[in-house]
Every structure is written in structure tokens, then in C-alpha cells.
Amino acid sequence: MAQMVTVALGAADNVIVDSPVNDYRFRGLELENFNVLDFFWDTYEKSEKQLRNLALEDEAHVDGGEDNGTEPSMNKSQYLPLHPKHGKSVRFIRSPNHNAIPNFTGRFLPRNDDQDIHDLYCASVLALAKPWRELPDLKAEWKSWDEEFEDFLRTCPKRLRDIIGNLQHFYHCGDAASKESHLSSATDIPNEVGADSEELQEASIIQNEANVGSPNPEIDMGEQIRQAIMYQISPAEFLHGALAIDIGRSVGLFDRFHSVWKPTASPVTVEELERLQRWKAKMTKEANNSRVINQPMAEEDDSMEIGDADVQMASDTVEPSVLMNSNIAEDILSGLDPSNLLRDQRRAYDIVTSHLDEWLKGNHTHQLRMLIHGEGGTGKSRVIQTITDYFKSRGVEYLLMKTAYTGIAASLIGGRTIHSTGKISISGRPMSDSTKSTMAETWKHIAYLIVDEISMVPRALLATYSRHIAYAKTGSLDSSAPFGGINVIICGDFHQFPPVGTKSRSPLYFTNDTSLGDKTDDCMGRIIYEGFTTVVVLKEQVRVTDSVWLDFLRHLRNGRVQQRHIEMLKKLTLTDPHVDMVDFSSPPWDDACLVTPRHAVRIQWNDMAVRKHCEQSCVQLFRSPAQDSICGRPLTNAERLSVARKKGDHHGSRQDGTKLPDNVSLAVGMKVMVTVNVQTDLDITNGARGTITGIGLHPEENEVPNERVVQLSRTPVYILVKLERTKMSPLEGLEESVIPIVPVVKSFSIEAEAEKRKKTVRRLQFPMTEAYAFTDYRSQGQTIPYVVVDIAKPPSGSLTLFNVYVALSRSSGRHTIRLLRDFDEDVLMKALDEHLALEDERLDRLDRETEFLGRLPTAVEVEELGDWELRTVDLRTSSSRRLRPKTPSPPNERRKFVILFE
Ligand SMILES: Nc1ncnc2c1ncn2[C@@H]1O[C@H](COP(=O)(O)OP(=O)(O)OP(=O)(O)O)[C@@H](O)[C@H]1O
């Protein structure tokens with residue numbers, strides 16, 4: 001059918017179709033931020049001719065002293081020169097309270113709940129609500145329509161979101177009307193014989209869900225769920241992340257090479273499923289063997305459950321947290337040749353190893369309670385590893401337990417978390433009998449405990465940990481010996497992250513004060529901590545090799561940053577015009593990691609990094625959905641809404657299940673990190689890192705579309721991950737260190753509003769996260785060769801000295817660190833907490849004392865003088881510092897004795 005269009009000649013001799021669309025595209029610069037809706041709603045056009053007439057009328061009115069209401073010139077806008085009406089017509093902006101109403105002609109916008117036309121819906125709404133000039137402005141080339149739409153909704157004003165939501169009333173009303181006419185045919189739920197009350201209740205909920213809320217609750221509920229998921233990240237935080245991505249793109253960090261991809265996963269076959277069973281059986285067997293090998297002989301027949309307790313009890317956050325990729329320093333897990341340890345490192349090493357030597361000789365003279373303290377990068381973790389090697393070399397590795405507060409910190413020293421080893425429940429519930437017996441089993445052979453990143457441990461937690469271990473060792477919860485008498489070495493730096501989510505006085509460096517609200521366990525924790533009188537402060541910096549950077553870090557650590565440091569930082573800030581720019585498109589900077597305090601930034605950065613990986617490697621990106629169920633059935637919409645809200649409730653309980661993400665990105669070659677303890681005995685722990693080498697999709701997965709990003713309908717059966725480190729021997733058909741990881745099941749409760757009761761949701765999902773960006777909290781303990789650090793002022797709250805010190809102390813200096821964007825100078829200028837300053841002084845004093853005692857020989861002979869006894873004493877221990885005469889001294893009589901040093 002022939003159609004008539006009007007074309008016009010533009011001012012630049014270009015021919016364009018005369019249409020409202022082109023009026024919008026070629027709108028003046030004053031209207032740049034107007035979307036289509038606002039453009040036609042809030043502006044109107046007048047020709048020059050009309051204007052001239054108006055001006056004449058205006059003059060007449062002015063003469064008559066009357067206001068004619070003509071538009072002030074500041075509210076008008078010329079079309080761009082490309083538009084034929086440029087110079088001939090202008091657009092006026094209506095006054096704020098105008099009464100104009102937009103009238104949509106032609107076909108109405110698509111509905112938002114029809115998956116078949118969802119892209120069309122997103123594109124249509126974006127075209128209406130997002131400012132654009134050319135169609136590519138509507139959607140970033142690397143995003144899907146749905147993603148672009150979601151991102152837009154997150155950041156657009158509420159008014160627009162309301163309008164977009166209300167546009168669907170057209171369909172809601174139509175649906176409600178047709179539903180009304182079918183109401184009479186609605187069926188009841190059959191009351192099946194034998195169905196238990198819980199099931200019936202569940203069934204009736206599903207049926208009644210449609211009765212909740214407004215005329216078409218199903219549709220409203222879908223929208224509410226979508227919104228609840230969207231607002232799990234606040235719009236301001238999302239925008240903060242989006243701006244970070246923009247900077248990353250502008251400096252070439254997310255450059256891509258290819259736009260093609262090849263299919264990279266298929267549903268598993270029966271043979272593969274059988275093979276998976278064989279892999280799992282072998283892994284279980286090896287985990288059992290590993291546990292037996294790690295114990296002394298003659299204890300082997302004790303059976304113990306594998307890993308389960310870890311999965312149940314671990315508080316290790318599953319919150320997508322950390323990174324990793326190859327851009328992490330050398331294998332932190334290996335120790336050094338002791339002769340290569342620096343002076344203070346060696347001092348710490350000697351104290352522990354000589355204590356062990358004595359212990360192995362049966363001289364259990366005193367309980368070693370030692371603190372190794374030192375600024376970031378002084379090699380505390382390296383000392384731990386070198387000590388570990390000593391235990392191995394003596395064949396007594398089974399005597400040593402290594403732990404840390406977070407999974408990532410624990411994995412960096414090959415250890416486990418405090419919560420899993422101490423069976424400390426997040427909810428604070430006491431140990432059950434079965435937990436107690438597991439504890440006793442776990443600690444049966446342990447004589448030495450090393451706790452890393454001690455700054456993160458609250459006082460009360462130290463008390464609980466000590467009590468639980470004491471129980472495991474002595475069978476009594478009232479044991480007076482801290483940690484049941486085992487030797488404990490705590491390591492860390494109180495200038496790094498303090499405990500999070502606890503009261504401000506929870507760090508160990510606070511002295512007890514009940515008038516300020518300290519509870520019994522807080523006080524107990526501090527008392528136990530004060531018993532750590534053997535202190536070694538490491539003072540020689542190893543990680544930071546740039547003296548200017550080190551000078552800055554030391555000032556920062558002590559709250560004494562100077563203006564010269566700020567000037568130096570500006571030269572490293574990517575958004576600063578005078579930045580010392582580096583090439584992010586080639587090694588080593590193309591592999592730089594991001595450290596940021598904000599999850600929204602981390603999530604978006606990881607997402608971009610994974611897309612970059614997929615495009616550079618020409619592989620598909622799969623989104624694995626979490627599968628939620630209640631009593632074995634899928635969730636109703638109302639329940640899905642409760643789940644979405646619960647996950648967005650950052651102040652609520654942090655049950656494990658809610659930390660498993662709604663969607664996990666999976667792609668072959670992608671760097672990932674495990675986020676729960678899967679198989680502790682094989683080093684598949686929270687914090688373990690690796691690269692995906694294969695994806696086994698669910699057998700019932702719909703035909704996999706040949707698309708760049710594939711939203712799967714089912715959680716895959718397994719993924720193959722090449723771990724950076726595992727004790728597992730090669731599995732049939734897989735290369736070394738490649739192991740299958742299957743989804744885990746975690747539970748959490750939701751409030752069923754309608755029934756006023758709690759329900760347990762079981763969530764099936766992979767315990768994985770992308771590993772290209774991570775939060776500063778999770779970066780603690782790591783050395784990162786090339787790092788981009790984000791210390792920008794966040795949209796809410798503010799950063800602390802701990803945030804910035806940890807983030808900026810991860811790498812070696814100005815040649816390996818860049819700041820992503822501008823920062824708040826006030827944070828850097830903050831003063832040091834006075835309690836921490838006092839603790840520094842106390843530790844320095846204890847360090848000097850320990851060093852003095854260390855210079856004394858461990859064992860000396862005391863010469864007999866008259867009545868004095870000849871004894872061999874250990875001068876390093878407080879218990880043996882006093883020498884006793886054979887007969888008690890008369891009161892007030894001073895006696896002399898001589899100690900002979902060799
Ligand atoms: N004696 C040493 N010789 C060579 N390299 C060392 C030595 N000690 C430590 N390093 C290296 O210095 C870096 C920092 O060490 P490490 O991570 O152990 O420091 P840290 O004090 O634990 O730091 P943080 O407080 O940030 O956790 C690592 O790359 C480590 O391998």
C-alpha cells in the first residue's frame with residue numbers, strides 16, 4: 001500500500017522526513033535531557049510567523065500596561081541546524097503547572113508480562129522515557145534490552161517509574177474485565193484424602209494468591225517482585241557503580257575484541273551424569289583419606305562426617321565478595337626458607353618453633369599466647385606459612401589449626417574460618433550435643449592454633465571461641481584455661497578492618513568499661529587478649545617497595561596524612577586531568593583488579609569484566625538461576641516477593657541461603673571464587689579460587705539458544721573448575737586440579753504475610769562469584785600486583801581510615817596502583833582512634849619486653865649459692881622467672897643469686 005510522507009530540506013541541505021520523531025531527534029540543546037514523553041508533553045512549537053504576530057500583540061499589550069503571558073525567551077529552544085525548521089520555528093517549554101495531557105495515538109505500548117515480546121516492551125518504554133537522539137543511544141551495545149531497561153529503572157526519577165508502571169493499567173483493566181466474566185467457573189482445590197495439613201495449607205495459598213491485593217494481583221505481583229529484586233541495590237548505589245563502569249570504559253579497561261561467540265555448553269548426557277557420580281564418590285573417599293592422613297596414627301577408625309558441619313555452621317559470607325584472578329601475587333601459601341625471613345619475622349618464627357621443639361620433647365612448660373602484629377605487607381602471613389612448613393617438616397602438621405574470621409583470609413593461609421572450627425552459630429545459639437562431640441573430635445589432636453586477621457575478631461567472639469575450644473579440649477564449658485590450654489598465636493594489624501556489624505567498642509583494642517555497655521563476654525574477650533604477652537611487632541616492610549608510597553601509607557595508618565600526600569594521590573587518579581596514565585589495554589594493567597568499598601560497584605564491575613572475558617574469548621555467558629522451593633514445590637508469587645524483599649533487607653538476618661545469589665554468571669574461562677566451604681578437606685573452601693573449564697547444563701534445559709548471553713531455565717548440574725590449589729588427585733577424564741562443583745542447598749526463612757507464619761525456603765545455587773573485583777573488606781590480607789582502587793565518597797555513609805588503608809596497602813607503590821576516581825580528602829585526613837593509639841603503645845612495650853626476653857637463653861643453669869637450688873629454668877616464661885630457695889626466705893630478707901649465661 002502506498003504511503004505518503006512529507007520530506008523537508010534541512011538547513012544543511014539534508015533531506016529528512018517531516019515527523020514528530022525528527023522534531024525530537026533534532027531538538028535544541030536546551031532540551032537535551034528531555035525524553036520523548038516530556039518533549040511532547042512539556043513543550044510546544046511556534047513558528048517564527050506566529051512569534052512575530054505575538055510580539056506585535058505584545059507591544060500593543062505593553063502599551064496598554066497588560067501582561068499577555070507570552071513566553072520568556074529563556075524557556076524556548078531552537079531546533080538543531082539539521083532540522084528543516086531550524087530558524088523557522090522554536091519550541092517553548094510549558095510552565096510547570098500546565099494542564100496539557102498527552103494523547104497516545106496508534107498502537108499502545110506492549111504489555112510487560114509477555115516474555116515473547118519483552119524486548120519490544122523494554123525498547124518501547126526506553127524510547128519513550130530515556131532521552132536519546134539516535135537509536136543506539138537507547139541501549140549500550142553490550143547489554144540486552146532487559147538489562148538496559150532494568151538499569152534505567154533503577155536510576156530514573158520515581159515519577160517516571162510510576163508513569164511506566166501505570167502504563168500497564170490499560171492491560172490490567174482489560175484482564176480484570178475478562179477475569180470477572182470467568183469467575184463463576186473458578187474451581188475449588190480438591191481436598192485430597194491423605195494430604196497432610198501442611199500440604200493443604202500450601203495448596204490453598206497457591207490458589208488464594210490471586211485474592212491478594214488489587215484487581216489483577218498476578219500482574220501487580222510480578223511487577224512488585226521485579227521491583228523488589230531491583231531495589232536490592234539502591235538507585236544511588238547503582239548509579240555509583242554505573243559511574244565506576246563509565247570510568248573503566250573510558251580508560252579502556254573494558255575494551256572488547258570480538259563480537260562472535262560459539263556454543264560453549266550443552267545438557268549433560270546420561271554417561272556424564274554417571275561419571276559425575278564416580279567423581280563425587282572419589283572426592284568423598286579422598287576427603288576421608290585426607291582427614292585420616294592429617295591425624296596421628298592409631299586414631300584412624302574414628303569416622304567423621306565430611307564438610308557438612310562446615311556448610312551448616314559457616315558464617316563465612318556467601319555474599320558475592322571476592323575476586324580472584326591471576327593478578328594475585330605469588331603463591332601466598334608457600335613458606336620461605338627460614339634463613340630468608342627478615343629479622344623480626346625470624347624472631348616470631350623462632351619463638352614458635354622453639355616452643356614446638358620443647359613441646360615435642362614433652363616440656364609443656366607454659367602455654368604460648370603470642371601476638372604477631374605489624375602494618376600491612378610486613379609478611380605476617382608469610383611467617384605463618386613458614387611456621388606451617390616447620391610443623392610439616394617435624395611431621396606434626398596435625399597439631400596445628402589455622403583459622404581466620406573470613407573465608408578469604410582463611411583460604412590465604414590454607415586455614416578455615418573461626419565460625420566453622422569453633423562451631424559458633426551466627427544466631428548465638430549454644431552448641432548442641434552433636435556439635436559438641438564434633439568439636440571434641442576436631443580439636444582432639446590440636447596443640448597449636450594460629451588465628452590470622454585478628455583485627456576483625458570482636459572481643460566477645462574471642463571469648464566464645466576460647467570457651468568452645470576449651471570445651472572441646474577439656475569437656476567443660478567452665479574451663480579456666482583460655483582456649484583449653486592450647487598454644488595460640490594471633491596475627492594481624494589493628495589498623496586494618498575492625499569487626500563489622502558489631503558495636504563500635506567491639507575491637508580487641510578497647511579496654512573494658514562496663515559503664516560504656518561492655519557485656520561479660522566483651523570483658524572476657526579483652527582479658528583473654530591481654531594474656532597474649534609474647535608480642536612481636538614486624539617493622540620491616542616487604543610488600544611496598546616504593547618509598548614515597550610507604551611514607552604515605554605510614555602517615556595514613558597513623559591518621560597524619562599531609563597535603564603533599566593528597567597531591568601525590570591526585571596524579572594517580574584516573575579522572576584527574578594530570579593523571580599519570582597507564583595503558584589498560586595491554587598487560588599488565590589489562591588484568592588489574594578493582595578494590596572498592598561498595599557492593600554495587602563490585603557487582604557491576606565483575607559483570608563487565610565477565611562480559612569482556614566472554615567477548616575476548618568468544619564464549620557464551622550463562623546465567624544460572626537459583627531454584628527455590630518450599631516443601632518441595634516451587635514458590636508462589638507472594639513467596640517470591642517475600643524472598644526478593646528478604647534479600648534486599650540488608651538489616652535483617654544474614655542466613656546463608658539468602659546469600660546465594662538469584663543468578664550466577666558462568667562462562668568457560670571465567671575466574672571464579674567459591675563462596676562456601678564445599679569440601680574443606682580437599683581445599684574447596686570459601687575463598688578458593690579457580691577458572692571454569694566446563695559447564696554441564698541440566699538435562700531438561702530448554703534448547704540452548706545460540707546467543708551471547710543465555711538465561712538458563714534450570715540451575716546447571718555441575719561446573720568444572722580448575723582450582724588454583726587443591727589436594728584432590730586427578731579425576732577420570734579431567735586434567736589435574738579440575739574438579740566438579742555442584743550447586744549447594746541452603747535454607748532461609750521468610751515471613752508468609754497472609755498466614756502470619758514463617759516458612760523455610762530451600763535454595764539451590766552454585767556457591768560461586770565472579771573474581772575480578774572485590775570489596776576492600778575481602779581484600780584484607782591479599783597482595784595484588786596491579787590494582788585500581790575506588791575510594792570515592794559513597795552515596796550513603798562514609799569511609800573510614802580502615803577502608804582506605806586496607807585498599808591502598810594492597811600493592812607495591814605508585815607504579816602498580818591507580819585510583820578510579822576522585823576521593824573525599826577529609827577521609828584521608830581523619831585522626832587515629834585514641835584507643836588504637838594507646839594499644840599501639842602497649843604493643844610496642846610488649847614487643848620490646850619480648851625481644852629482651854628473647855635475647856636470654858631459653859634454658860640456663862643457676863649456680864648453687866649457699867641455700868639456693870640448682871635449677872634449669874626457662875627465662876622466657878613468666879612462670880619460671882622467679883627462682884625459689886630451698887628454704888623459704890625470712891620476711892624482708894633480700895638474697896642475692898647469680899645466673900650464668902653462656
Ligand atoms: N621475607 C620475605 N622475603 C620476601 N618476600 C616476602 C617476605 N615476607 C613477606 N614477603 C612478601 O611480601 C608480601 C606481603 O606479605 P604478607 O601478605 O605475608 O604480609 P602481611 O603482613 O600478612 O600483609 P597484610 O597485613 O596485608 O595481610 C607478600 O608478597 C609476601 O610474599
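Calculate the FRET efficiency for HIS555 and GLU841 from the Cβ-Cβ distance with a Förster distance of 22 Å, rounded to the nearest 0.05. Walk me through the numbers before you get to the answer.
Working: r = 18 Å, r/R0 = 0.82.
E between HIS555 and GLU841, to the nearest 0.05, is 0.75.
Amide H of ARG416: which non-local residues (sequence gap of 5 or more, or other chain) have their own amide H closer than 5 Å, using H built in the peptide plane?
Residues meeting the criterion, in which the H sits 1.01 Å from N, are LYS402, THR403, ALA404.
Mind listing the phi-derived Karplus ³J(HN,Hα) values for the stretch 463-474, rounded to whole Hz, using 6.51, -1.76 and 1.60 with θ = phi - 60°, and x for any glycine or proline?
In residue order, the calculated couplings are 5, 5, 4, 4, 5, 5, 5, 4, 4, 4, 7, 10 Hz.
If you wrap the stretch 444-501's Cα atoms in a convex hull and average its projection over all directions, what's the area in nm²?
Values: hull surface 16.6 nm².
Averaged projected hull area, Cα only: 4.1 nm².
Give the cross-link partners of LYS571 among the lysines, using a straight C-alpha distance below 27 Å as the criterion and excluding same-chain residues fewer than 8 apart.
Qualifying lysines at Cα under 27 Å: LYS793, LYS830.
Tell me, what ³J(HN,Hα) does each residue in the stretch 391-408 have, in order and in whole Hz, if you take phi through Karplus 6.51 cos²θ - 1.76 cosθ + 1.60 with θ = phi - 60° and put x for Gly and Pro?
4, 5, 5, 8, x, 10, 4, 5, 7, 10, 10, 10, 9, 8, 5, 9, x, 5
Amide H to amide H, which residues 5 or more places from VAL717 or on other chains are under 5 Å from it, using H placed in the peptide plane?
Under 5 Å from the amide H of VAL717: GLY696, LEU697, HIS698.
Could you report the accessible area of LYS88 in Å², rounded to 10, computed with a 1.4 Å probe on the protein chains as they sit in the structure?
Its accessible surface works out to 120 Å², give or take rounding.
So for the stretch 391-446, what are the equivalent ellipsoid semi-axes in whole Å, largest first, each being the square root of 5 times an eigenvalue of the Cα gyration tensor? List each step's numbers first, then the result.
On the way: eigenvalues 105, 55, 5 Å².
Working from the Cα gyration tensor, I get semi-axes of 23, 17, 5 Å.
Between LEU477 and ALA281, what length comes free when the chain is fully extended (0.36 nm per residue of separation minus the Cα-Cα distance, one decimal in nm)? Show your work: numbers first, answer last.
Numbers: separation 196, 0.36 × 196 = 70.56 nm, distance 3.77 nm.
Between LEU477 and ALA281, full extension yields 66.8 nm more.
Would you please give the FRET efficiency between LYS158 and SER629, computed as 1/(1 + (r/R0)^6) with r the Cβ-Cβ distance and R0 = 30 Å, to the nearest 0.05?
Details: r = 34 Å, r/R0 = 1.15.
It comes out at approximately 0.30.
Using a Förster distance of 56 Å, how high is the FRET efficiency between ARG394 and LEU273, based on the Cβ-Cβ distance and rounded to 0.05?
Numbers: r = 45 Å, r/R0 = 0.80.
Here the calculated transfer efficiency is 0.80.
Find which of HIS565, VAL664, GLY632 sits farthest along the positive direction of the dipole of the stretch 536-679, computed with +1 on the beta-carbon of Lys and Arg, -1 on that of Asp and Glu, about the Cα centre.
It is GLY632.
Residue by residue through the stretch 235-247, which ³J(HN,Hα) values in whole Hz follow from phi under the Karplus form 6.51 cos²θ - 1.76 cosθ + 1.60 (θ = phi - 60°), with glycine and proline marked x?
x, 5, 5, 4, 5, 4, x, 4, 5, 4, 4, 4, 5
Excluding same-chain residues fewer than 8 positions from LYS758, which lysines have a Cα within less than 24 Å of its Cα?
LYS758 reaches LYS646, LYS647, LYS659, LYS746.
Could you state the accessible area per residue of the stretch 118-168 in Å², with a 1.4 Å probe and every protein chain left in place? It would help to have the intermediate numbers written out before the result.
Values: 2170 Å² over 51 residues.
In whole numbers, the stretch 118-168 has 42 Å² accessible per residue.
Report, ordered by chain and residue number, the lysines lying within cross-link reach of LYS262, taken as a straight Cα distance under 27 Å and ignoring same-chain residues fewer than 8 apart.
LYS139, LYS143, LYS612, LYS671, LYS722
Run the numbers for LYS143 and GLN616: contour at 0.36 nm per residue of separation, minus the present Cα-Cα distance, in nm.
Working: separation 473, 0.36 × 473 = 170.28 nm, distance 1.58 nm.
Net length gain for the segment: 168.7 nm.
With the cut-off at 1.5 for a/c, could you classify the stretch 118-168 from its C-alpha gyration tensor as rounded, prolate or oblate?
Values: a/c = 1.63, a/b = 1.52, b/c = 1.07.
In terms of gyration-tensor shape, prolate.
Probe radius 1.4 Å, ligands and nucleic acids ignored: give me the carbon and sulfur share of the accessible area of the stretch 343-538 as a rounded percent.
Values: 3260 of 6440 Å².
C and S atoms contribute 51 percent here.
Taking Rh as the Kirkwood radius computed over C-alpha pairs, what is the Stokes-Einstein D of the stretch 545-606 at 37 °C in a medium of viscosity 0.692 mPa s, expressed in µm² per second? Present the calculation step by step, with values, prior to reporting the outcome.
Numbers: Rh = 13.9 Å.
Value of D from the Cα-based Kirkwood radius: 237 µm²/s.
At 1.4 Å probe radius, can you tell me the per residue accessible area of the stretch 246-288 in Å²?
Result: 62 Å² per residue.
The values are calculated or read from the model by the stated rules, or taken from the named source; none is laboratory data. Just so you know, these numbers come straight off a predicted model, no measurement behind them. Ideal geometry is used to build each Cβ from the backbone, glycine not excepted, and the neighbour counts take in all protein chains shown. Calculation scope for accessible area: heavy atoms of the full protein, side chains included, ligands and nucleic acids excluded. Shrake-Rupley method; radii C 1.70, N 1.55, O 1.52, S 1.80 Å.
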